[in-house]
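Heads up: the structure comes next, in structure tokens.
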Amino acid sequence: IDIERDLRRALDDDGLQLAYQPQVSLVDGSLVGAEALVRWHDLERGTVSPDEFIPVAEDSGLVVDLGAWAVDAALEAIAAGLEGVVVSVNVSARQLDDPGLVAAAEAALARHDVDPRWLRLEITESALVRDAEHASALLRRLHDLGLRVSIDDFGTGYATLEHLRRVDVADSLKIDRTFVSGIVHDARDRAIVGAAVALGRSLGFTVVAEGVEDAAQAELLAEMGCDAGQGYHFGEPTTPEALARRAAG
Ligand code: G
Ligand code: G
Ligand code: MN
Ligand code: NA
């Protein structure tokens with residue numbers, strides 16, 4: 001069961017796909033963005049969950065090549081009909097250690113005739129905190145290429161107000177779904193999400209709530225001033241073609 005070897009092969013042989021999960025405006029219901037999520041359907045293994053193979057990719061360093069592939073695939077999808085929708089790609093902590101990250105992003109942009117502002121890189125809060133000085137310098141260089149930057153899984157990674165102040169190139173903040181899931185029934189979750197939305201908005205971030213699963217949650221989030229929602233209520237991760245149709249209609 002050498003998952004690392006099989007993942008490497010899938011990466012080399014066009015065996016990975018990106019699925020795009022819609023991000024919807026809580027103000028007018030329009031499609032404002034999508035998160036690209038890697039999918040691996042293996043002939044022998046069946047569908048392998050990213051929760052299973054992303055940690056392997058991180059430990060082995062394969063996530064550097066996987067991340068470069070994801071950026072390339074997302075740019076291709078944007079060029080093929082997603083322009084107008086901000087597509088987010090996840091960047092793992094391990095990729096921030098790769099000295100070739102900025103050059104790889106630059107090369108990918110050169111390969112595709114795409115306005116870089118339609119691509120957003122999602123950095124988890126924990127990756128940001130691990131080496132804040134290095135991370136914020138790196139994010140600035142990526143931002144200088146015209147890319148957008150988002151802080152992912154906010155609330156789970158011990159970011160301080162100092163971190164938030166420092167990462168001024170990020171334009172979006174994603175509130176982790178572990179907080180969002182409780183907002184209707186749990187007053188403490190509601191208070192935390194409300195405060196996080198207010199903090200994010202007042203710092204100029206577009207605030208996106210993750211894991212929105214029903215209309216009651218969406219309504220509460222809208223009342224809090226949250227900009228956008230992502231989750232099963234608005235749609236599961238889907239093909240780039242289906243997302244493009246949704247963007248057009
Ligand atoms: O859709 P979901 O099961 O797809 O994703 C599970 C986890 O895998 C999430 O934490 C998500 O951030 C992570 N993930 C999905 N796609 C990628 C990717 O392209 N790169 C990295 N680093 N993580 C990803
Ligand atoms: O990057 P991140 O860990 O946030 O990746 C998103 C993960 O959350 C993916 O595994 C995706 O399939 C999953 N997901 C997306 N929408 C929902 C939702 O509404 N509820 C739950 N429980 N999970 C979701
Ligand atoms: Mn993410
Ligand atoms: Na996330």
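Read the figures in this text as sums done on the coordinates, not as results from a lab. Since the structure is predicted, the reported quantities are computational estimates derived from the model, not experimental observations. All Cβ positions, glycine included, derive from the backbone under ideal geometry; neighbour counts span all protein chains shown.
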With Cβ to Cβ distances under 14 Å as the rule, what net charge do the other residues near Gln21 carry (K, R +1; D, E -1)? -1
With a point put 7 Å past each Cα toward its Cβ, work out how far Ala110 is from Gln17 in nm, to one decimal. 3.2 nm
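Could you tell me what percent of the DSSP beta bridges with both partners in the chain are antiparallel, to the nearest 5?
Here the share of antiparallel DSSP bridges comes out near 40 percent.
Return the calculated 222 nm mean residue ellipticity for the chain, to the nearest 500 deg cm²/dmol, obtained by summing -39500 (n - 2.57) across DSSP H runs with n ≥ 4 and dividing by the residue count.
Numbers: 12 runs with 116 residues, N = 249.
That calculation yields -13500 deg cm²/dmol at 222 nm.
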Which part of the range 145-171 falls in the paramagnetic zone of Val102, meaning amide N under 12 Å from the point 7 Å along Cα-to-beta-carbon? 145-146
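Estimate the FRET efficiency between Asp42 and Asp131 by the formula 1/(1 + (r/R0)^6), using the beta-carbon distance for r and 30 Å for R0, to the nearest 0.05.
Working: r = 34 Å, r/R0 = 1.13.
With R0 = 30 Å, the Cβ-Cβ based efficiency is 0.30.
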Taking the Cα-to-Cβ direction at Glu83 and at Ala195 and moving 7 Å from each Cα, how far apart do the two end points lie in nm? 4.4 nm
When only DSSP loop residues count, what GluC sites (Glu not before Pro) in the range 1-74 have their Cβ near at most 15 other Cβ atoms within 10 Å? Glu44
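Loop-only chymotrypsin sites (Phe, Trp or Tyr not before Pro) in the range 183-249, please: DSSP not H, G, I, E or B, and at most 12 other Cβ atoms within 10 Å. Before the final figure, lay out each step's value.
On the way: sites: Phe205, Tyr232, Phe234; in loops: Phe205, Tyr232, Phe234.
Those that pass, being in a loop and sparsely packed, are Tyr232.
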In terms of the Cα gyration tensor, with a ≥ b ≥ c the square roots of its eigenvalues, is the range 10-100 rounded because a/c is under 1.5, prolate because a/b exceeds b/c, or oblate? prolate
Mind pulling the angle between the C-alpha long axis of helix 50-60 and the longest principal axis of the chain? Nearest 10 degrees, somewhere in 0 to 90. 60 degrees
Quick query: amide H of Val32 versus all other amide H atoms, modeled in the peptide plane; which residues come in under 5 Å with a sequence gap of 5 or more or a different chain? Gln23, Val24, Ser25
